[in-house]
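The structure under discussion appears below in the form of structure tokens.
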Amino acid sequence: MEGLRPMIEVDLQRFEHLLARALDTLPPTFAELIDNVAVVVEEEPTEEDLRLVGLDPEEDDLLGLYHGVPLDERGAGYSALPDRVVIYRLPILWICDTEEDVVREVRDTLVHELGHHFGLGDDDMPY
């Protein structure tokens, strides 16, 4: 959906700074529960990422994606690398007009994807 309108210009370094600002706005109790989750930035999702969540690569954008095993699905002996939340920079920039919009959108995307980490479905998200 790129090209529908001009995109705010935020380079990767600045975007990562805005992501850090968004992380700082999470409630402390929430932030403590995600100590084994890596939050990373990628430019945009692959077609495989889009299909994985049931989106059409020709029609849909994806702002973030949770990779891991939700906490409520782990057994007693669970041991693995940290889960990951991927934040997709370009799709977020395509829908934002200002850096404050970027911070809000990144925060909303983080809350959504971290909700999946806690075992919430799309309809159960806390917003």
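The values are calculated or read from the model by the stated rules, or taken from the named source; none is laboratory data. Everything numeric in this text was worked out from a predicted model, so none of it was measured. When we count neighbours, we look across all protein chains shown, and the Cβ atoms used for this are built from the backbone with ideal geometry, even at glycine. Just the protein is used for accessible areas: all its heavy atoms, side chains included, with ligands, DNA and RNA removed. Shrake-Rupley method; radii C 1.70, N 1.55, O 1.52, S 1.80 Å.
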For segment 47-59, Karplus couplings with θ = phi - 60° (6.51, -1.76, 1.60), whole Hz, Gly/Pro x: 4, 5, 4, 5, 5, 4, 9, x, 9, 8, x, 7, 10
If you take semi-axes √(5λ) of the Cα gyration tensor in Å from the coordinates, which of (1) 44, 15, 11; (2) 25, 18, 12; (3) 27, 15, 14 do you get? (2)
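Determine the share of the chain's accessible area contributed by carbon and sulfur atoms, expressed in whole percent, with a 1.4 angstrom probe. Walk me through the intermediate numbers first.
Values: 3860 of 7660 Å².
Carbon-and-sulfur percentage of accessible area, whole number: 50.
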Exposed GluC sites (Glu not before Pro) absent - longest run of the chain, DSSP non-H/G/I/E/B, at most 13 other C-beta within 10 Å: 60-127
Which loop-located trypsin sites (Lys or Arg not before Pro) does segment 69-127 contain, where loop means any DSSP state but H, G, I, E or B and the Cβ has at most 13 other Cβ atoms within 10 Å? Arg74
To test your reading of the geometry: what angle, between 0 and 90 degrees and rounded to tens, separates the Cα axis of helix 99-117 from the longest principal axis of the chain? 30
Fraction of beta bridges assigned by DSSP in the chain that are antiparallel (%, nearest 5): 40
Suppose every Lys and Arg Cβ carries +1 and every Asp and Glu Cβ carries -1, with no other charges. What dipole size does segment 10-127 come out with about its Cα centre, to the nearest 20 debye? 600
Enter the accessible area per residue of the chain (Å², integer; probe 1.4 Å; all protein chains in place). 60
Where a ≥ b ≥ c are the square roots of the eigenvalues of the C-alpha gyration tensor, would you call segment 1-63 rounded, which needs a/c under 1.5, or, failing that, prolate if a/b is larger than b/c, or oblate? oblate
